[in-house]
Amino acid sequence: SPNMDIKKLSNTLYIFTIKRLIEIAGIVISCLGILLFISLISHTPEDPNFIFPDNIKIKNMMGFRGSYISDFFFQSMGLIAYLIPLTFILNGISIFHKKKLFLLIESTFFIICYSLVGSLFFSFFYNDGYSLYINGNGGFVGNYLNLTFLNNLINFNKNMIYYFLILLILTLFLISINFNPKNF
């Protein structure tokens, strides 16, 4: 019947549209990851930022916004911020291929987890910041976590905790990018 054909056609059109929107979202997420990565790798402390907004010369490849965004990421989380755009880039590709937008919500949880662990790791073991001179390599999040009971926990067995934290960061990062050894 013509009524069933219209229903079938509208359903097919609906599914097609949803899939294309999810693909577009995947591309946008990957692009945001690339832009964030460019702003992080071209970050210089002399650029205008939240702490020194009066600096005029901008060296960041992403311009004014890039200098503020990269400064925010480095001051808050430190060096672990470099993993975040990689997660976005790889997740965007996964979303594009698998047509599952839910992957973004899932990976955001693991981004938060590895950012916290990574900030603590850099604050405790490598705090002397060379270029990130205000909050050190772990950012203010890492500095805060380093002042909690976690500091005593790490001091309990520095060598073992050092490798445990590296393994934990790596594991959380791989989960955040939906890493699957079979697909690799």
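The values are calculated or read from the model by the stated rules, or taken from the named source; none is laboratory data. Keep in mind that what you see is a predicted model, and the values were worked out from it rather than measured. Heads up, the Cβs are rebuilt from the backbone with ideal geometry, glycines too, and the neighbour counts pull from every protein chain shown. Ligands, DNA and RNA are stripped out before the accessible areas are found, and what is left, the full protein with its side chains, is counted by its heavy atoms. Shrake-Rupley method; radii C 1.70, N 1.55, O 1.52, S 1.80 Å.
Pro85 falls short on exactly one of the conditions (1) open to solvent by 40 Å² or more (accessible area, probe 1.4 Å); (2) part of a helix (DSSP H, G or I); (3) closer than 30 Å to Leu21 by Cα; (4) modelled with pLDDT of 90 or more, and that condition is (1).
Put simply, of Gly78, Gly92 the only residue that is more than 19 Å from Leu174 (Cα to Cα), in contact (Cβ under 8 Å) with a residue 12 or more places away in the chain and not basic (Lys, Arg) is Gly78.
Conditions tested, residue by residue: (1) acidic (Asp, Glu); (2) crowded, with 16+ Cβ neighbours inside 10 Å.
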site: Asp5; (1), (2): yes, no
site: Ile24; (1), (2): no, no
site: Ile38; (1), (2): no, yes
site: Ile69; (1), (2): no, yes
site: Phe72; (1), (2): no, no
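Taking first residues from the stretch 136-154 that are touching a residue at least 24 places away in the same chain (Cβ under 8 Å) and partners that are among the basic types (Lys, Arg) and open to solvent by less than 30 Å² (accessible area, probe 1.4 Å), no Cβ contact under 6 Å between residues at least 6 apart in sequence or on separate chains turns up.
Could you list all residues from the stretch 86-139 that are charged (D, E, K, R) and under 27 Å from Met160 (Cα atoms)? Before the answer, list the steps.
So the first thing to find is which residues in the stretch 86-139 are charged (D, E, K, R), and the list is 98-100, 106, 128.
Across the stretch 86-139, the qualifying residue is only Asp128.
Among the hydrophobic types (A, V, I, L, M, F, W, C), at pLDDT below 90, in contact with a Ser or Thr (Cβ under 8 Å, 6 or more places away or on another chain) and not in a helix (DSSP H, G or I): does that describe Ile51? Criteria not met by Ile51. Cβ-Cβ contacts under 7 Å between residues 6 or more apart (or on different chains), taken from a first residue in the stretch 28-46 that is of a type in the set (Gly, Ala, Ser) and assigned to a helix (DSSP H, G or I) to a second residue that is open to solvent by less than 20 Å² (accessible area, probe 1.4 Å) and modelled with pLDDT under 95, are listed as Ser39/Asn60; Ser39/Gly66; Ser39/Ser70. Considering the conditions (1) modelled with pLDDT of 95 or more; (2) surrounded by 12 or more Cβ atoms within 10 Å (Cβ to Cβ); (3) under 25 Å from the mean Cα position of the chain (by Cα), Ile18 is excluded by exactly one of them, (3). Looking only at the stretch 105-114, decide whether some residue is open to solvent by 80 Å² or more (accessible area, probe 1.4 Å), at pLDDT below 95 and either touching an Asp or Glu at 6+ places or on another chain (Cβ under 6 Å) or of a type outside the set (Phe, Trp, Tyr) (or both). Looking for residues that are open to solvent by 80 Å² or more (accessible area, probe 1.4 Å), at pLDDT below 95 and either touching an Asp or Glu at 6+ places or on another chain (Cβ under 6 Å) or of a type outside the set (Phe, Trp, Tyr) (or both), one finds at least one in the stretch 105-114, hence yes.
Among the residues of the stretch 47-70, write down those that are touching a residue at least 12 places away in the same chain (Cβ under 8 Å) and either aliphatic (A, V, I, L, M) or under 30 Å from Leu101 (Cβ atoms) (or both). I'd like the intermediate steps shown before the answer.
Within the stretch 47-70, the subset touching a residue at least 12 places away in the same chain (Cβ under 8 Å) is 47-51, 59-62, 64-70.
Scanning the stretch 47-70 gives Ile51, Met61, Met62, Arg65, Gly66, Tyr68, Ile69, Ser70.
Looking only at the stretch 139-184, residues that are open to solvent by 100 Å² or more (accessible area, probe 1.4 Å) and of a type in the set (S, T, N, Q) come to 3 in all.
Of the helices (runs of 4 or more DSSP H) lying entirely inside the stretch 89-184, the ones with 3 or more residues being farther than 22 Å from Asn49 by Cβ and of a type outside the set (A, V, I, L, M) are found at 102-125, 149-156, 158-176.
In this structure, is Phe64 within 27 Å of Ile166 (Cβ to Cβ) and open to solvent by 80 Å² or more (accessible area, probe 1.4 Å)?
Working: within 27 Å of Ile166 (Cβ to Cβ): no; open to solvent by 80 Å² or more (accessible area, probe 1.4 Å): yes.
When the stated conditions are applied, Phe64 does not pass them.
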